[in-house]
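One structure is given here, and the rest of the page talks about it.
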Amino acid sequence: LLSGSLYESRKTKKSKRRAWWYGKEMSIGLVVLLGFFLLMDWWMLSRMREPVRDVGRIQVKFLDGNSSTIFIAEELKRSGRKKPQNAIYPRLLAKAAHALAEGENKPEPPDLWAEPYTAASLWFPCAHAQNLKQVGTNNGYIMVTANGGINQQRVAVCNAVAVARLLNATLVLPRFMYSSVWRDASQFGDIYQEDHFIDYLKPDIEIVKRIPEELQSLDLEAIGSLVTDVDIMKEAKPSFYLKYILPILHLNKVVHFVGFGNRLASDPVPFELQRLRCRCNFHALRFVPKIQEVGALLVKRMRQNDTGLGHLDHYLVGPFAQSRIKGRKDRVLKTSRYLALHLRFEIDMVAHSLCEFGGGEAEKQELAAYREIHFPALVELTKTKRFPSPAQLKSEGLCPLMPEETVLMLAALGFKRRTHIYLAGSHIYRGGSRLAALTTLFPNLITKEKLLSSAEIEPFLNFSSQLAAVDFIVSTASDAFAITDPGSQFSSLVAGYRIYYGGGKMPTIRPNKRRLSDIFAKNDTIEWRVFEKRVRKAVRQNKRVFSRPLGRSVYRYPRCKECMCFRE
């Protein structure tokens, strides 16, 4: 009996030791397995070395096709952020990184590079049809010195053309005002082809390069012929010019508009004058060969030296759009494609918005100091008027999209990590640190400064308007164009040009910032699949095809009877 009890006791102890050993083995196995998965995850999300491809005469880095998404926290740390844990939207950025890694071999959404609505292809250009009747005696000369950057100046020029026709006056070739902000002394002839502008609009109005000698010595301010933006209300109707400007023209034979920013209403404007605005913007303004050539070079490099032509190449760069394939005279369609992105996040935009961008107290002080210097009127206004809080501005969609929000939008729309992205403009607030998430998830993002050699870009240095013209060409020629601020003049002009000449094949991504703000507000809880679905829906709704709304610019919304025709 004793020996039997001893045997059972030993058997029980042995079973316990075996169970303990099996448990220990299982725990070790789980730890090893977990370590293996962590190691694999780190390997998948680590950055691989980028090969260098020869694009034209310079070396440009593009991401290898086998590379996967990278580890966000490590890359932010590498880019200079001392506290990557404070990154904006870290949870969503991590999910976007995983989605991009998993989606490398998945097909892109079918309408990512196309207009989703067939009605877009039913509109075609017809502003070239001249239908103005010749008028009688000329009433004098209209001079214009346009302010702002190249985009504001472009609108001012075409509005001046319409006003000159309205007043039956000769237009003197417009001049551009030097701005302390843009710091560019370029004049009309440095950006646009003067002779083409004059000749193309000859059936509509007379344009001369200078006023007659007998008028050059006049003190225009003394005789009341100098008209500034203070004298003209914004969006002034044609009746204003007929009532107040025409008598001055009759009396002095010359009127000089100084500034002329946004000084002609979109409606009500007679059909003929509205069409003339379109003829000016889409046909008469042609960039000089110097700008066309470098624009064509950039487009070619963005297409990785593809010799085929894009839909808008001929209109944008003229003879430089010709195919380089010897012995081929027919039009060769390009096969590669790229996305152009206008990231409106310069310090002037950021400071003027009165919004907050995740930079804490240091950012607030920096932007407040900038406003004191560059926007003193706004500073004084904030002392007497109550403005919405930054949170309210954000919820109403009145704040610029941050780079972090932009990258999340692009990832949610379905763009691949390897997508080639051209960044129009490069003076982003806080520079590389704010671009870290964007360049991390989409490393094939590049600017003109990196695509061009020092010798190629040197003639354009210190000429911001000419560089902006180059950006206009590359952005307009892109296969898809993404806007981050629908109110931007540059984005509006590019989008309008793509509508006018694109034949319904040149999609533009216009985010609804109010809806996106509501989506981003749920960044701590929303799942990536839901985030994707909601972002795509918000962007798709803004791609709907419609005629120009009353009171909106023909430069931005050319789908109207004055500018385009509709194929029934």
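The values are calculated or read from the model by the stated rules, or taken from the named source; none is laboratory data. Source: prediction; values computed, not measured. Quick reminder, even Gly has a Cβ in these numbers, built from the backbone with ideal geometry, and neighbours come from all protein chains shown. Accessible surface areas use protein heavy atoms only, side chains included; no ligands, DNA or RNA. Shrake-Rupley method; radii C 1.70, N 1.55, O 1.52, S 1.80 Å.
How much of the accessible area of the range 150-279, in percent, comes from carbon and sulfur atoms when a 1.4 Å probe is used?
Numbers: 3110 of 5810 Å².
Roughly 54 percent of what the probe reaches on the range 150-279 is carbon or sulfur.
Counting only protein chain heavy atoms and rolling a 1.4 Å probe, the accessible areas of 341, 226, 445 rank, largest first, as 226, 445, 341.
Count neighbours as other Cβ atoms within 10 Å of each site's Cβ, and list the chymotrypsin sites (Phe, Trp or Tyr not before Pro) in the range 467-568 that are DSSP loop with at most 16 such neighbours.
Values: sites: 472, 481, 490, 497, 500, 501, 520, 528, 531, 546, 555, 566; in loops: 546, 555.
Passing both the DSSP loop test and the Cβ count: 546.
In the range 171-216, which GluC sites (Glu not before Pro) fall in coil by DSSP and have 16 or fewer other Cβ atoms within 10 Å? Walk me through the numbers on the way to the answer.
Working: sites: 194, 206, 213, 214; in loops: 206.
Here the GluC sites (Glu not before Pro) that fit, given the DSSP loop and packing criteria, are 206.
Using only protein heavy atoms and a 1.4 Å probe, report how much of residue 548 is accessible, in Å² to the nearest 10. The accessible area comes out at roughly 40 Å². A crude spin-label estimate for the pair residue 537 and residue 240, with each label 7 Å from Cα along the Cβ direction, gives 4.2 nm.
Would you mind pulling out the separation of the Cα centroids of the range 458-527 and the range 93-127, in Å? Here the answer is 15 Å between Cα centres.
Between residue 251 and residue 389, how high is the FRET efficiency from 1/(1 + (r/R0)^6) when r is the Cβ-Cβ distance and R₀ = 60 Å? Nearest 0.05. E(calc), rounded to 0.05, equals 0.70.
Students sometimes get this wrong: rank 565, 126 by accessible area, probe 1.4 Å, all chains present, largest first.
Values: 565 45, 126 10 Å².
Listed by decreasing accessible area, they come as 565, 126.
With a sphere of radius 12 Å drawn around the Cβ of residue 237, what net charge do the other residues whose Cβ falls strictly inside it have (Lys, Arg +1; Asp, Glu -1)? Net charge around residue 237: +1.
Counting protein heavy atoms only, the range 484-568 has 48 percent of its accessible area on carbon and sulfur, 1.4 angstrom probe. Taking a point 7 Å from the Cα of residue 362 along the Cα-to-Cβ direction, the residues of the range 428-445 with backbone N closer than 16 Å to it are 429-436.
Under the 0.36 nm per residue contour assumption, what length would be gained going from the current alpha-carbon distance of residue 114 and residue 567 to full extension?
Details: separation 453, 0.36 × 453 = 163.08 nm, distance 1.96 nm.
Taking 0.36 nm per residue and subtracting the Cα distance, the gain is 161.1 nm.
Per residue, the accessible area of the range 451-568 comes to 41 Å² when a 1.4 Å probe rolls over the protein heavy atoms.
Largest first, the three principal axis extents of the alpha carbons in the range 141-284 are 35, 33, 28 Å in whole numbers. Taking each residue as 0.36 nm, the span from residue 105 to residue 396 lengthens on full extension beyond its C-alpha to C-alpha distance by 101.0 nm.
Using the Cα gyration tensor of the range 416-568, with a ≥ b ≥ c the square roots of its eigenvalues, what is the shape: rounded (a/c below 1.5), prolate (a/b larger than b/c) or oblate (neither)?
Working: a/c = 1.98, a/b = 1.05, b/c = 1.89.
Oblate, since a/c reaches 1.5 and b/c is not below a/b.
Accessible surface for the range 141-284, divided over its residues, is 42 Å² per residue with a 1.4 Å probe. Estimated at 0.36 nm per residue, the fully extended path between residue 214 and residue 267 surpasses their Cα-Cα distance by 15.4 nm. Under the simplified labelling scheme, the residue 337-residue 202 pair shows an inter-label distance of 4.1 nm, with each label point 7 Å from Cα along Cα→Cβ.
Run through the range 367-444 and list the trypsin sites (Lys or Arg not before Pro) located in a DSSP loop whose Cβ has at most 14 other Cβ atoms within 10 Å.
Values: sites: 371, 383, 385, 386, 394, 416, 417, 418, 430, 434; in loops: 385, 386, 416, 417, 418, 430.
Hits after loop and neighbour filter: 385, 386.
Annotation: residue 399 carries an accessible surface of approximately 10 Å², with a 1.4 Å probe and no ligand, DNA or RNA atoms counted.
May I ask which of 234/522; 106/513; 237/537; 234/505 have a Cα-Cα span longer than 32 Å here? Before the final figure, lay out the partial values.
Numbers: 234/522 39 Å; 106/513 28 Å; 237/537 38 Å; 234/505 35 Å.
Listed pairs above 32 Å: 234/522; 237/537; 234/505.
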